[in-house]
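Below is one structure, written out as structure tokens, with a few remarks after it.
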Amino acid sequence: MAGLSITGGLVLKGEYSNDVATPGLEIPVDTRTDTWRTAATIVVPVDPGDIMTVDARARVTSELPYPVGIGAHLWQYDCDPEPGPDGVVPVVSARPWTRIAPSWGMNVTREIHHLPVQLGALWQVPATWPIGHRVVFVLRVDAHSTAASGGDSVVGDAGYTLLRVRREALAF
């Protein structure tokens, strides 16, 4: 949050969590880093200027005989966009998504086998955010390796996924 200076403290507006992972999450292993899968989402009410602390955790298991690079990102998008000129609300994939944290990555190997994923972000809701619109936070994961062969995948482990959000506002 470059440029944000907090001098008056913060007021807690809510805490939210979701420990439900995408069921049966299989993450394809390929040689690219563009086959992202959604591991978890959470919908949070927001107001312009709110300060959101987002914590994401998951675990990935690989049964493959070669190292697999696991990458993770945190994203946000508007849950309640206005309909387009045709009167249709854009599908999720057509909405503007914004990455809110740097990429995280590490190799899962035969020795590691179960790789914990943990990343976080601090994001301020833009002043231009539409009143009454909720935000969706998304944990996305990718798997890649130069040794990948068609059909290989790693698994997002059920019971280890958590998205937690702390919503605050500047105290004036």
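A few notes on this one:
- Principal axis dimensions, largest first and in whole angstrom, of the chain by Cα: 56, 43, 28
- Over the chain, relative contact order from alpha-carbon pairs under 8 Å, at least 6 apart, %: 49
- Unit charges at the beta carbon, dipole of region 36-119: most positive-side option, 84, 119, 65: 65
- Exposure proxy order (Cβ contacts within 10 Å, fewest to most) of 131, 112, 51: 131, 112, 51
- Once both labels are positioned 7 Å from their Cα atoms along Cα-to-Cβ, the gap between residue 11 and residue 37 label points is 4.3 nm.
Every number in this text was worked out from the coordinates using simple rules, so none of it is lab data. Since the model is a prediction, treat every value here as computed from it, not as a measurement. Positions of Cβ are backbone-derived with ideal geometry, glycine not excepted, and every protein chain shown enters the neighbour counts.
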